[in-house]
1. Equivalent-ellipsoid semi-axes (√(5λ), Cα gyration tensor) for the chain, whole Å, largest first?
2. Cα centroid distance between the range 314-351 and the range 121-197, in Å?
3. In nm², what is the average projected area of the convex hull enclosing the Cα atoms of the range 114-217?
4. Compute the distance in nm between two label points, each set 7 Å from the Cα along the Cα-to-Cβ direction, one at Gln306 and one at Asp241.
5. What list of ³J(HN,Hα) couplings, whole Hz, do you get for the range 315-321 from phi and the Karplus terms 6.51, -1.76, 1.60, once you set θ to phi - 60° and write x for glycine and proline?
6. Taking N as the number of residues in the range 166-244, what value does Rg over Cα atoms divided by 2.2 N^0.38 Å take?
7. Taking the mean number of other Cβ atoms within 10 Å as a proxy for protection, how do you rank 120-127, 273-280 from highest to lowest?
8. Calculate one ³J(HN,Hα) per residue across the range 155-169 by plugging θ = phi - 60° into the Karplus curve 6.51 cos²θ - 1.76 cosθ + 1.60, and present them in order as whole Hz with x for glycine and proline.
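Read-outs: derived from the displayed coordinates by stated rules, not from any lab. Everything quoted here is computed from the prediction, not taken from an experiment. Cβ sites come from the backbone with ideal geometry, for glycine too, and all protein chains shown count toward neighbours.
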Amino acid sequence: MTNPVHSRDPYRDWLRTRLGQEIGVAEAEAAIAGAVQRRGWPALRALGPRDVVAVLQDMYALMRGTVGDTRADQWLQATTVDLAAFAQAVPMPTPHEDGEVPSTPRPVRWGRRAHDLPLLLARSHAEIAGRSLNAIRTNPDLRSLERAAEWDVQATQAEVRRWETEEMLSKLRAEHARIEVADQVAAATAQGELLRLTVQELEAAARQGQAVAAQLAHNRLMSSQTDAFLASFQPLVDLQDADTPLTMLEMDLQNVRFTLGVPLHPNVLRARYALNYALWQNGEDPQAPPVQQAHENLVQAEAQAQAQLNGTLDAARAHQQALRYHARQVETLEARAAHLGKLGGDPLSLARVKLEWRQARTAAREQAHRMEEAVRLLEALVSDT
C-alpha cells in the first residue's frame with residue numbers, strides 16, 4: 001500500500017484503511033464517495049483532517065444503528081485519537097499547480113475597517129505560502145524543503161480560518177446582544193406592570209390608615225426609574241424578539257473529536273512548520289540547538305492550545321448546566337402562571353409570576369447564547385465547514 005506520508009491524498013488513504021477495517025475496502029470507498037457527493041466537494045480534491053471528521057461522523061451515525069451506541073462510541077473515540085496523532089505527523093495535502101509560478105500578489109490596499117485587516121492579511125499570507133510551495137516543487141534544489149512548506153501552507157490556512165471564525169463570532173455576538181436587550185426590555189416592562197399594581201395596592205392601604213409610607217415611596221421611585229429606562233430603550237428594540245423560543249443546545253461536549261483542536265490549532269501548525277524548517281536548515285539533525293528550541297516551542301504551543309481548548313470546553317459545559325437549570329425554572333413558572341390563571345388569581349400575583357418568568361427566560365437566554373458561542377468556536381476548530 002502507498003505510504004500515506006508520501007501520498008498525494010494521505011488523509012483519504014488513512015480514512016479508506018480505517019473504514020475498510022470495519023466495513024471492507026469497497027464499502028469504504030463507497031462511503032467516502034457518498035460523503036464527498038453529499039457535501040458537494042470536488043471529486044478529485046484531496047481530503048484534509050476536517051473532511052475526515054465529517055466522514056467519521058457519518059460512519060458513527062451508521063454504526064449506532066447497526067452495532068449499538070457503546071460499540072460506535074468506542075470506535076469513534078479510538079479512531080479520532082488516531083486521527084489526531086496522524087494530523088500531528090502529516091500536513092494537510094496541498095494541490096500541485098502546473099505551469100508558470102504566479103508572482104507574489106500586490107500589497108493589499110488599506111482603507112478597510114480595522115477589524116477586516118487581520119483577515120485580509122491572513123489571506124494574503126496563505127496565497128503567498130501557496131505560491132512558495134509551488135515554486136519549491138518546481139525547483140529540484142529546494143525539493144527537500146517541500147515538507148516544511150506544506151506545514152507553512154496549512155498554518156497560514158488555519159490562520160485564515162481563525163480570523164474567519166472571529167468574524168463569524170462577532171456577527172453572532174451582535175445578534176445575541178440584540179435579542180438580549182429585547183429580553184431586558186421585556187423584563188423591565190413586566191417589572192413596570194408589577195410596580196404599578198404594587199403602588200396601587202399600597203395607596204389603597206395608605207388610605208385605610210396603614211403605615212406603608214416608606215414602602216410606597218420606594219415603589220414609586222422604582223416605578224419612575226423603570227419608566228425612564230423603558231422610555232429610552234423600548235423604541236430601540238422589537239419586543240417580539242423577547243418571545244422567540246429559547247435555544248436548547250443538547251450536544252455531547254465530551255466528544256473526543258474536539259481533541260483535534262490541538263493539532264489543528266494555528267499556533268501549533270505554525271510551530272510545527274518552524275520545527276520542519278529548522279530540521280531542513282540543520283541537515284535533519286534532531287540534536288541541533290535550533291531544532292531543539294523549535295521542538296520546545298512546539299511542545300509549548302501544544303500545551304497552550306490544549307489549555308485553550310479545555311477552557312472553552314469547560315465554559316461550554318458550565319453554560320450548558322446553567323441553561324438546563326434556568327430552563328427548568330422557566331417551565332416551572334409557566335406552569336405556575338397557567339395554574340394561577342385557571343384559579344382566577346389576582347393581577348398582582350400574576351404580574352409577579354410573569355416578572356419572575358421573564359427574568360428566568362433572560363437568564364436562560366444568556367446561558368444559551370454563551371454556550372452557542374463556545375460551541376461554534378469548538379466546531380470551527382474541527383468541522384469541515
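1. Numbers: eigenvalues 636, 136, 63 Å².
Ellipsoid semi-axes (Å, largest first): 56, 26, 18.
2. 36 Å
3. Working: hull surface 42.5 nm².
Value for the range 114-217: 10.6 nm².
4. Roughly 4.2 nm, to one decimal.
5. 5, 4, 5, 5, 5, 5, 5
6. Values: Rg = 17.5 Å, N = 79, 2.2 N^0.38 = 11.6 Å.
Here the Cα radius of gyration is 1.51 times the empirical estimate.
7. On the way: 120-127: 17.0, 273-280: 21.4.
Top of the packing list down: 273-280, 120-127.
8. Per-residue couplings from phi come out as 5, 5, 5, 5, 5, 4, 4, 4, 6, 5, 5, 4, 5, 4, 5 Hz.
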